[in-house]
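Q: Please see the structure below; I have some questions.
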Amino acid sequence: MPLPSRVSDLTGFDLLLSVTRTGSIGRAAAEHGISQPAASARMRLLEAQLGLALIERSPRGSRLTPVGALVAGWAQAAVDAAAALDAGVVALRQERDSRLRIAASMTVAEYLLPVWLTALRAVDPGAVVALSAVNSAEVAQAVLADAADIGFIEGPEIPDGLHAEPVGRDTLTLVVAPAHPWARRRSGVPAAELARTPLVSREAASGTRRFLEEALRAQAGLERVPPAAELSSTTAIKAAVAAGAGPAVVSSLAVAAELSSGTLRAVPVTGVDLTRTLRAVWTAGRRLTGPARDLYAIAARRAAVASASVPT
């Protein structure tokens, strides 16, 4: 049942309570941030809506009539209930806005997000973060299903329904064990030879694997042979390569330590560009808010700084 029109707007009743408390329409108007004429007009409108005389006006001020005092007593409960309702809604909104659900590809989750989240904590110290590290296809699915507020992908394709913005660049690196024959190839490995060599790879939905396959196909017209092994993490791939299971193509971010220590060797690849763009994604038509907006801004700002520092 809808509220009767006489009591559907509590603004007039709230002003009436201020008149009761201050003893003056002028002082009540000041409390509400409106002019005295506007407050007087609002009181006359309330009296007309109720069909009751609520206020006695005199040069010495204003006071409630006996009927007005009775109405004010009832109005107090309604105004208090409205204030409690508003406080509850605000609390729920603050709780919602403080939560940040992130879905990120393995490369971004392991090698970029820790730094971004540290910066986010300085901006939003109350943000509660939940991170899901999955492959790029699963990131897209999570965002589309509203299971994540923002996602970060490394794959070349942007599914329908998602808006994407770049947040960095990454180069894939061909790595082998120090004893592998390619480790002595100073001239590098041609794209055609790489395509026909079984690699240690992630699963088919991995952004890194899909980018490599698409780059070989688009730039060199090559199709890759099936992998030598499919492993679920970059850490497992690096261990397998070091043990001699075969070559792998992984993010340069993931192998910096191994290349420095010499447990893996980087081999140049000729005939194909393995530089890719990392992207933030969110639901198309939706604006980022709260911690999600701040996290994207941090990632984009760091990407801009990194790009500016690269020699041209």
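Q: Once the Cα atoms of helix 113-123 and of the chain are each reduced to a long axis, what angle between those two axes, in degrees from 0 to 90 to the nearest 10, is obtained?
A: Between the helix axis and the principal axis of the chain, the angle is about 20 degrees.
Q: With Cβ to Cβ distances under 13 Å as the rule, what net charge do the other residues near W282 carry (K, R +1; D, E -1)?
A: +2
Q: Okay, moving on. Binning every alpha carbon pair distance of the stretch 1-93 at 10 Å from zero, what are the percents per bin?
A: 16, 48, 28, 8, 1
Q: Roughly how large, in nm² to one decimal, is the mean projection of the convex hull of the alpha-carbon atoms in the stretch 43-168?
A: 14.0
Q: For the stretch 191-312, evaluate the Debye formula with one uniform point scatterer on each Cα (no solvent term) and list log10 I(q)/I(0) at q = 0.17, 0.18 Å⁻¹, rounded to two decimals.
A: -1.01, -1.08
Q: If you don't mind, there's one more thing I want to ask. How much area per residue is accessible in the chain when the probe is 1.4 Å and only protein heavy atoms are counted (Å²)?
A: About 52 Å² of surface per residue is accessible.
Q: Using amide H atoms built in the peptide plane, which far-off residues or other-chain residues are under 5 Å from I150 H to H?
A: For I150, the qualifying residues are R101, A103.
Q: Under the definition of Cα pairs under 8 Å and six or more residues apart, what whole-number percent is the relative contact order of the stretch 9-69?
A: 30
Q: Taking the Cα centre of the chain as origin, work out the dipole magnitude from +1 charges on Lys and Arg Cβ and -1 charges on Asp and Glu Cβ, in debye rounded to 20.
A: Dipole size: approximately 580 debye.
Q: Quick check: net charge around S132, other residues with Cβ under 10 Å of its Cβ, Lys/Arg +1 and Asp/Glu -1?
A: It works out to a net charge of 0.
Q: Restricting the count to DSSP beta bridges whose residues both fall in the chain, what percent are antiparallel, rounded to a multiple of 5?
A: If we restrict to bridges inside the chain, about 60 percent are antiparallel.
Q: Ignoring any ligand, DNA or RNA, what whole percent of the accessible area of the stretch 124-175 comes from carbon and sulfur when the probe is 1.4 angstrom?
A: 50
Q: Provide the descending list of Cα extents for the stretch 229-288 along its principal axes, expressed in whole angstroms.
A: 48, 28, 23
Q: Hey, another quick one. Quick one: compute the contact order of the chain, relative version, from alpha carbon pairs under 8 angstrom and 6+ residues apart, as a percent.
A: Contact order relative to length: 20 percent.
Q: A further question follows. What does the charge count around R63 come to, taking other residues whose C-beta lies under 12 Å from its C-beta (Lys +1, Arg +1, Asp -1, Glu -1)?
A: Value of the local net charge: +2.
Q: Rounded to a whole number of µm²/s, how large is the Stokes-Einstein D of the chain at 25 °C and 0.890 mPa s, given Rh as the Kirkwood radius over C-alpha pairs?
A: The calculation lands on 101 µm²/s.
Q: So how tilted is helix 36-50 from the main axis of the chain? Cα-based, degrees 0 to 90, rounded to 10.
A: Roughly 80 degrees, rounded to the nearest 10.
Q: Please work out the FRET efficiency for the pair A81 and S58, using the Cβ-Cβ distance as r and a Förster radius of 41 Å; give the result to the nearest 0.05.
A: 0.80
Q: Another one. So what is the calculated 222 nm ellipticity per residue for the chain, using -39500 (n - 2.57) for each DSSP H run with n of 4 or more, over all residues, to the nearest 500 deg cm²/dmol?
A: Taken over the chain, the calculation gives -15000 deg cm²/dmol.
Q: Which one of V272, V139, V19 has the biggest mean-square fluctuation once the chain is modelled by GNM with Cα springs under 10 Å?
A: Fluctuation is largest for V19.
Q: Let me ask another. Carbon and sulfur atoms: what percent of the 1.4 Å accessible area of the stretch 202-310 do they account for?
A: In the stretch 202-310, the share of accessible area belonging to carbon and sulfur is 54 percent.
Q: At what distance in angstrom do the alpha carbon centres of the stretch 215-264 and the stretch 120-166 lie from each other?
A: Between the Cα centre of the stretch 215-264 and that of the stretch 120-166, the gap is 24 Å.
Q: In the stretch 1-68, carbon and sulfur make up what percent of the accessible area (probe 1.4 Å)?
A: On the stretch 1-68, the fraction of accessible area on carbon and sulfur atoms equals 57 percent.
The values are calculated or read from the model by the stated rules, or taken from the named source; none is laboratory data. Not measured: the values here are computed from a predicted model. Glycine gets a Cβ as well: all are built from the backbone with ideal geometry, and neighbour counts include every protein chain shown. Areas reflect the complete protein model, heavy atoms only, side chains present, ligands, DNA and RNA absent. Shrake-Rupley method; radii C 1.70, N 1.55, O 1.52, S 1.80 Å.
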